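Heads up, the thing below is written out as structure tokens.
What follows is calculated from the coordinates using simple rules that are stated; it is not laboratory data. Everything numeric in this text was worked out from a predicted model, so none of it was measured. Every residue, glycine among them, receives a Cβ derived from its backbone with ideal geometry; neighbour counts consider all protein chains shown.
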Amino acid sequence: MFFDPTLILVIIALIFAMLAQQQVMGKYKKFAKIPNSMGLTGAQMARRMLDDNGLEDINIKPIKGTLTDNYHPLKKIIFLSEGVYNSASIAAIAIAAHETGHAIQYAADYIPVKIRGGLVPTANIGSTMAFPMFLLGFLFSIPFLMDLGIWFFGAALVFHLVTLPVEFNASARAIQYLKLNYISEQKEIQGTRSVLQAAALTYVASTMMALAQFLRLIILRGSRD
Ligand SMILES: [Zn+2]
């Protein structure tokens, strides 16, 4: 039903997203096997980085899964996946320092993270309701519904765009902290950087995906005028 030339955009973005996912898993697996020179686990690294930034009130807890690490700003908890929490690998401290970077962003009132937080409800509607809305409008030729779908999808796209500086900044904070305080070996710095760069690529991929879908809706909408 929806096989049209604009679908090619979405397929290209999808392939890029799959490659990025493969890349991050590859880098993670590689550097999860190499121990860091300080012998610190992800949880210990996050604790030190938090304390050094005066964030003693933020807790660290383990969470199930692989690469499920995240910071919960309301609960003030950094959740580290099993392979990060208890592991003293290069990958573990890279990811732990990155998540701590997010915690510091909130504490420092970093503007993009605030904008991103404000966009969450709209972006949630956008990612669940926008396409059905547009589809109904498209099938029954209701321009208003198509436009509404496009606006909500646009909000989801802005959310993805704002996520990029947030993610890049968290990684920059992580690498800077590790370089200043712990790791000195060039090989280890490169290792942490390549894990975090691969992770950043997945956010670039999902932004591309959102952009491709957005463009597709705009083009489909234009075909109905
Ligand atoms: Zn992140």
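Remarks
- Dividing the mean sequence gap of close Cα pairs (under 8 Å, 6+ apart) by how many residues the range 7-223 holds gives a relative contact order of 27 percent.
- Radius 12 Å from Cβ of HIS72, net charge of other residues (Lys, Arg +1; Asp, Glu -1): +1
- The chain: angle of helix 111-139 to the longest principal axis, Cα-based, in degrees nearest 10: 30
- For LEU80, LEU9, order by how many other beta-carbon atoms lie within 10 Å, fewest first: LEU9, LEU80
- In the structure shown, the pairs LYS29/LYS187; LYS29/LYS75; LYS29/LYS64; LYS76/LYS114; LYS30/LYS187 are assessed against 19 Å; a Cα-Cα span above that value is assigned to LYS29/LYS75.
- For the chain, the longest piece that avoids every one of the GluC sites (Glu not before Pro) found in DSSP loops with at most 15 other C-beta atoms within 10 Å covers 57-184.
- DSSP bridge orientation in the chain - percent antiparallel, rounded to nearest 5: 45
- If the chain linking LYS187 and THR128 were pulled fully straight, counting 0.36 nm for each residue of separation and taking away their Cα-Cα distance, it would gain 17.0 nm.
- Given R0 = 22 Å, the distance between the Cβ atoms of LEU67 and TRP151 translates into a calculated FRET efficiency of 0.10.
- Neighbours of ASN53, meaning other residues whose beta-carbon lies under 15 angstrom from its beta-carbon, give a summed charge of -2 when Lys and Arg score +1 and Asp and Glu score -1.
- Charge dipole (debye, nearest 20) of the range 7-223; +1 at Cβ of Lys and Arg, -1 at Cβ of Asp and Glu: 360
- Across the range 138-225, Cα pairs under 8 Å and at least six residues apart give a relative contact order of 50 percent.
- Under the shape rule built on the C-alpha gyration tensor, where the axes satisfy a ≥ b ≥ c, the range 65-119 is prolate, since a/c reaches at least 1.5 and a/b is greater than b/c.
- Per DSSP, loop trypsin sites (Lys or Arg not before Pro) in the range 131-225 with at most 12 further Cβ within 10 Å: ARG224
- P(r) weight above 27 Å for the range 7-223, C-alpha pairs, percent: 39
- Footprinting exposure proxy for THR6, THR41, THR100 (fewest neighbouring C-beta atoms within 10 Å first): THR6, THR41, THR100
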